[in-house]
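Okay, structure first, notes after.
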Amino acid sequence: SYDRGATVAGVVGVGRLITGMDRGLQGMCVNERRHLIVPPHLGYGSIGVAGLIPPDATLYFDVIMLDIWNKNDKLQITTLSKPEHCNRTVENSDFVRYHYNGTLLDGTPFDSSYSKDSTYDTYVGTGWLIKGMDQGLLGMCAGEKRSIIIPPFLAYGEKGYGTVIPPQASLVFSVLLVDFHNPKDGVFLEHLEVPASCKRRAVTGDFVRYHYNGTLMDGTLFDSSYSRNHTYNTYIGKGYIIPGMDQGLQGVCVGERRRVVVPPHLAYGENGAGNKIPGSAVLIFDVHIIDFHNPADPVEIETVYRPEGCNITTRDRDFVRYHYNCSLLDGTKLFSSHDYEKPQEVTLGANKVIEGLNSGLLNMCTGERRVLIIPPHLGHGESGARGVPGSAVLRFEVELISMEEGVPEGYLFIWHGDPPASLYEQMDLNKDGEIPADEFSTFIKTQVAEGKGRLMPSSDPEKVIADMFRNQDRNQDGKITSEELKLKSDEDQEKIHEEL
């Protein structure tokens, strides 16, 4: 047979072989070698074979068994390894990606996907594979390894395949199922950890910040936000990310950990992405939601404690002192006024704090405590600030320590009622027709002491009064004349008339 370059194939025990060969092959194993001595009466007898085997010849055969099969054989499937967790197994019409080594029954290799550095990708049960492989892949889990022995009538049969698979050859495949999906699959969600308290769930149009690890079904890591030490920030439901993640992030809570399994038709499809995501790959994202907000969100205010009998509350332009703790929604501490010797001080509405904090401090009573949830557009925006990530939602715990009634923007002093009708005469304490700085200062301090007016809070009274005097001393000669003295309300009215 070696001279002919082809193996001998035949059925044993049905009279198609000489009796000696029929008997001599019985009980042989694949790759077993035997030396058979066949006497004439069990060979070609007294006739022989014309021109080849003389009559009454004893025959010597050196035989190696390459393959054995029976028409009643079925697939021989051996599970070599299997993942602990298997949510789903291969069914007909699924699309599979697998690696394989293919050998003949005697161990001769004929093909391998590993040598091509690419999985074999195909549909199961649709006639694209030999029948034995179509059947042998059914019921497999992603990550499972199997040995599948296929008899020739479920493989390439009498014709074989090319020069690598002889006719009537049994095939042995060592298969590793990398991943699989069905074209009808949607996104699969696994809720790994959901906070006990979830006041709101993300919806289309929300801006989400999350960390993730992205792996293939065999566990190969293809991307991670943790490696960049930066969250992935995006709108959901608007097409900025792959459709599977757009869907998979719907309904998440702040702090939730979720696994999102995305089939390729909702990810990167047949082409894959770059050199890390193969074509037709199922993607698995393990995500941790840091925070989310909507661009239309206001400041969320929760009153933790409000003193009884609270009649006076903070208003715009008031000067307030307060303590605060500031953190991210995942609990990361950012800043605290308790790290300093005294409370934070600010004039509300003076653009000295972020807009959301300013809003959250309005209408508070002294002693009141609040929790403020401030979206980034009312906080530090997309760019963030020192120590504050971009697009971060902030959580403030605030306590109002004290408050002083303020004055309108642009004013240094206001009257509690109407100003005196003869203001200049009353301010001219020595009645000499002019008002120097000391007279002006004494008069204003008297009005404050008697409760007739108030100075702008949060600043040194002496400096405020000096600024007031400087504003009225229009020619800067060190004294105010009756022509120079004007109420700010009158000045503002004159400006309106000028514009008109």
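The values are calculated or read from the model by the stated rules, or taken from the named source; none is laboratory data. Every value quoted in this text rests on a predicted model; they were computed, and no experiment measured them. Virtual Cβ from ideal backbone geometry, glycine too; neighbours counted across all protein chains shown. The area values use the complete protein model at the heavy-atom level, side chains included, leaving out ligands, DNA and RNA. Shrake-Rupley method; radii C 1.70, N 1.55, O 1.52, S 1.80 Å.
Miscellaneous remarks
- Every residue from the stretch 145-164 that is open to solvent by less than 20 Å² (accessible area, probe 1.4 Å) and in contact with a Leu (Cβ under 7 Å, 6 or more places away or on another chain): Ile148, Ile150
This table checks each residue for (1) open to solvent by less than 20 Å² (accessible area, probe 1.4 Å); (2) among the hydrophobic types (A, V, I, L, M, F, W, C); (3) free of Cβ contacts under 8 Å to residues at least 60 places away in the same chain; (4) farther than 28 Å from His377 by Cα.
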| residue | (1), (2), (3), (4) |
| --- | --- |
| Arg258 | yes, no, no, no |
| Leu266 | no, yes, no, yes |
| Pro278 | no, no, no, yes |
| Leu283 | yes, yes, no, yes |
| Val287 | yes, yes, no, no |
| Phe292 | yes, yes, no, no |
| Asp318 | yes, no, no, no |
| Cys326 | yes, yes, no, no |
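- Residue ID - nearest to the chain's Cα centre (by Cα), chosen from residues in the stretch 452-469 that are surrounded by fewer than 13 Cβ atoms within 10 Å (Cβ to Cβ) and under 24 Å from Gly349 (Cβ atoms): Asp460
- Filtered residues of the stretch 123-143 (kept if crowded, with 17+ Cβ neighbours inside 10 Å, without any contact (Cβ under 8 Å) to a residue 60 or more places away in the chain and at positive phi): none
- Just so you know, in the stretch 396-415 the residues that are over 30 Å from Ile465 (Cα atoms) and surrounded by fewer than 21 Cβ atoms within 10 Å (Cβ to Cβ) include one that is farthest from the chain's Cα centre (by Cα), and it is Glu399.
- Set Ile77, Ile64: member being of a type in the set (Val, Ile, Thr) and in contact with a Ser or Thr (Cβ under 9 Å, 6 or more places away or on another chain): Ile77
- Applying the set (1) open to solvent by 30 Å² or more (accessible area, probe 1.4 Å); (2) closer than 26 Å to Val96 by Cβ; (3) β-branched (Val, Ile, Thr) to Val254 leaves exactly one unmet item: (2).
- Across the stretch 176-224, the qualifying residues are those that are within 27 Å of Thr119 (Cβ to Cβ), of a type in the set (S, T, N, Q) and in a loop (DSSP other than H, G, I, E, B), and the one among them that is least open to solvent (accessible area, probe 1.4 Å) is Asn182.
- For the stretch 330-389, a tally of residues being open to solvent by 50 Å² or more (accessible area, probe 1.4 Å), assigned to a strand (DSSP E or B) and touching a residue at least 12 places away in the same chain (Cβ under 8 Å) returns 4.
- Scanning the stretch 255-267 for residues that are closer than 12 Å to Glu193 by Cβ and either over 12 Å from the mean Cα position of the chain (by Cα) or of a type in the set (Gly, Ala, Ser) (or both) turns up just one, Gly255.
- Pair list, Cβ < 7 Å and 6+ apart or interchain, from the stretch 35-61 residues that are among the charged types (D, E, K, R) to residues that are surrounded by 13 or more Cβ atoms within 10 Å (Cβ to Cβ): Asp56/Pro40
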